[in-house]
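Participant: For reference, the structure I am asking about is given below.
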Amino acid sequence: MSGPSPDSAAANYAANVAHNYGAPPITLVKGQGTHVWDASGKRYLDFASGIAVNAVGHAHPHWVKRVTEQAGKLVHVSNLYRNEPQGELAQALARRCGPGRVIFCNSGAEANEGLLKLARLHGQRKAGAEGACIGVVVAEKAFHGRTFGGMSATPQEKIQKGFRPLLSGFTAAPLNDLAAWDKAIDAKTTAAVLIESIQGEGGVNPATPEFLRGVEQLCRARNVLFMIDEIQCGIGRTGKFFAYEHAGVKPDAIAMAKGLGGGFPIGAIWMAPPHDDLFQAGSHGTTFGGGPLAATAGLAVLEILEAEQLVAKVAERSVAWHAELRKLVELRPDLVKEVRGAGYMVGVILHVDPLPVVAALREAGLLTAPAGGVAVRLLPPLNASPEELAEVVAILRQVLGGWKAA
Ligand SMILES: Cc1ncc(COP(=O)(O)O)c(C=O)c1O
């Protein structure tokens, strides 16, 4: 089977796919390692990784072997029954998060829905009554997903517009402003806080270690759940397995997704004791979450990270890479404001709209992702080599160096 021609693929898309993503100008047909190819045969360095998802690159042989073997063995049974890979993956995650329990789901937004439901249960336990303690404090510019819970936790006009009324109880406070969080977290009515260790969609904004430690202390003092959204920045991306580890904090609950499946949809929440008994039989669930195939994809990712020591490599390789990227500010101070982020989660912050720059980079053979209206976001697979990192710096220098102000 040769598949549709490039023209008919584009026409099918234009005629039949809803317009919520805008018209994609290229159709991707193949991936290998850090590269993808479009339908015309053009090759790109993939430093978008499907928005931080392809943690071990495309078509990694071990991932393909594990997933195809499992596909021929057992794909789906629902959560009416146990399956082996789900238990193994929960154990592997608990080893990294700490003692506690895991519930699987299928996406990032769904993982955050789980955390928000956990917050409601915690609030009920804390107040002794349903509905009396439902407050959740979130950060300005946060992004937590497109479901009603996710949107309610995402204090951005462009996300919420058209969908109100949303869930009540959310308060937004500026990231890294501990005094504002001290004010916003109420001992009586706040059930939880929800924070990205590094904001992704908001423009690659890292929470400082002091801020995270300060919020953790406030939460402990006021019996408020300290919930961390590691959906984009987790699973090795910043050079630690979870980005919050840079601050030395201990969350009560964590949301993860994206890189966990290496391209297969999976999400998860982990909950520390004593909160890991809040969900009892019948209180939460999903048909697909933690199915044998998805859980095997997650196990394959963790096996590759271990076998190839990828988290340590991200930490080590990103030092020189960031230093080279920061030179873009010297090259074009009129265009590039700063370079920020950690490990393989980097924002090149511009003084101009990043969208035309992302388009020009794509033309030059580099896929990146815009973020927050200010950043060209670089999210390479965690096995991107030093040579590939250097090649990307060269493409950025060439495109930004020759950039003509509009
Ligand atoms: C930090 C964060 N939380 C939640 C989400 C939502 O995840 P999903 O798109 O899988 O629903 C995203 C997606 O970009 C994210 O970056």
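All of the numbers you see were taken from the coordinates with simple rules; none came from a lab. Quick caveat, the model's predicted, so the values are computed rather than measured. Every residue, glycine among them, receives a Cβ derived from its backbone with ideal geometry; neighbour counts consider all protein chains shown.
Participant: Could you calculate the contour length gain from Glu210 to Ala18, that is, 0.36 nm times the residue separation minus the distance between their Cα atoms, to one decimal place in nm?
Facilitator: 64.8 nm
Participant: A further question on this structure: On a 21 Å Cα-Cα criterion, which of the cross-link pairs Lys30/Lys404; Lys158/Lys183; Lys337/Lys404 come out too long?
Facilitator: Working: Lys30/Lys404 33 Å; Lys158/Lys183 26 Å; Lys337/Lys404 16 Å.
Where the Cα-Cα span goes over 21 Å, the pairs concerned are Lys30/Lys404; Lys158/Lys183.
Participant: Turning to a different aspect of this structure: Can you sort Ser152, Ser168 from fewest to most other Cβ atoms within 10 Å of each residue's own Cβ?
Facilitator: Fewest-to-most Cβ neighbours within 10 Å comes out as Ser168, Ser152.
Participant: For each of Ile134, Ile254, count neighbouring Cβ atoms within 10 Å of the residue's Cβ, then give the residues from fewest to most.
Facilitator: Fewest-to-most Cβ neighbours within 10 Å comes out as Ile134, Ile254.
Participant: To continue, here is another question. Percent antiparallel among DSSP beta bridges with both residues in region 245-365, to the nearest 5?
Facilitator: 90
Participant: Place +1 on the Cβ of every Lys and Arg and -1 on the Cβ of every Asp and Glu in the chain, take the dipole about the Cα centre, and give the residue among Ile134, Val301, Thr238 whose Cα lies farthest towards its positive end.
Facilitator: Among Ile134, Val301, Thr238, the one farthest towards the positive end of the dipole of the chain is Ile134.
Participant: Here's a follow-up. Over all directions, average the projected area of the Cα convex hull of region 63-307 and note it in nm².
Facilitator: Spelled out: convex hull of the Cα atoms, projected over all directions, averaged, 12.9 nm².
Participant: Given Cβ point charges of +1 (Lys, Arg) and -1 (Asp, Glu) and nothing else, what value in debye, to the nearest 20, does the dipole of region 63-307 about its Cα centre take?
Facilitator: Numbers: 25 positive and 23 negative charges, 46 e Å.
The calculated dipole for region 63-307 is roughly 220 debye.
Participant: If you don't mind, there's one more thing I want to ask. Specify the angular offset, from 0 to 90 degrees and rounded to the nearest 10, of the alpha carbon long axis of helix 6-16 from the longest principal axis of the alpha carbons in the chain.
Facilitator: In the chain, helix 6-16 runs at an angle near 40 degrees to the longest axis.
Participant: Between Gln160 and Asp277, 0.36 nm times their residue separation minus their Cα-Cα distance comes to what? Please list the in-between numbers first.
Facilitator: Working: separation 117, 0.36 × 117 = 42.12 nm, distance 3.22 nm.
Extra length from Gln160 to Asp277 when fully extended: 38.9 nm.
Participant: Which residue, Pro25, Pro354, Pro381, tops the fluctuation ranking in a GNM of the chain built on C-alpha contacts under 10 Å?
Facilitator: Looking only at Pro25, Pro354, Pro381, the largest GNM fluctuation is found for Pro25.
Participant: Here's something else I'd like to know. Separation of region 89-162 and region 370-406 by C-alpha centroid, Å?
Facilitator: 32
Participant: Based on DSSP, what percent of beta bridges with both residues in region 63-307 are antiparallel, to the nearest 5?
Facilitator: In region 63-307, DSSP labels about 40 percent of beta bridges as antiparallel.
Participant: Using a Gaussian network model of the chain with C-alpha springs under 10 Å, which one of Ala14, Ala371, Ala253 is most mobile by mean-square fluctuation?
Facilitator: Ala14
Participant: Per DSSP helix of 4 or more residues, -39500 (n - 2.57); summed, then divided by the residues of the chain. What does that give at 222 nm, rounded to the nearest 500?
Facilitator: Mean residue ellipticity at 222 nm (helix-derived): -11500 deg cm²/dmol.
Participant: Roughly what angle does helix 292-307 make with the longest principal axis of the chain, taking Cα atoms, 0 to 90 degrees, to the nearest 10?
Facilitator: 70
Participant: Once both labels are modelled 7 Å past Cα along the beta-carbon direction, what's the Ala187-Ala405 spacing in nm?
Facilitator: Placing both labels 7 Å beyond Cα along the Cβ direction yields 5.4 nm.
Participant: Also, I was wondering about something else. Quick check: the angle from helix 84-97's long axis to the longest principal axis of the chain, C-alpha only, nearest 10 degrees?
Facilitator: With both axes taken from Cα atoms, the answer is about 80 degrees.
Participant: What distance in nm separates the two pseudo spin-label positions at Gln217 and Ala127, each 7 Å out from Cα along the beta-carbon direction?
Facilitator: Reported label-point gap for Gln217 and Ala127 is 2.8 nm.
Participant: For Lys65, Lys337, what's the fewest-to-most ordering of other Cβ within 10 Å of each Cβ?
Facilitator: Details: Lys65 11, Lys337 16.
Neighbour counts put them in this order, fewest first: Lys65, Lys337.
Participant: Here's a follow-up. Relative contact order for region 137-195: what is it in percent, counting Cα pairs under 8 Å that are at least 6 residues apart?
Facilitator: Computed over region 137-195, the figure is 40 percent.
Participant: How many nm is it between the label spots at Glu363 and Asp177, if each spot is 7 Å from the Cα in line with the beta carbon?
Facilitator: The modelled label-to-label distance comes out at 4.0 nm.
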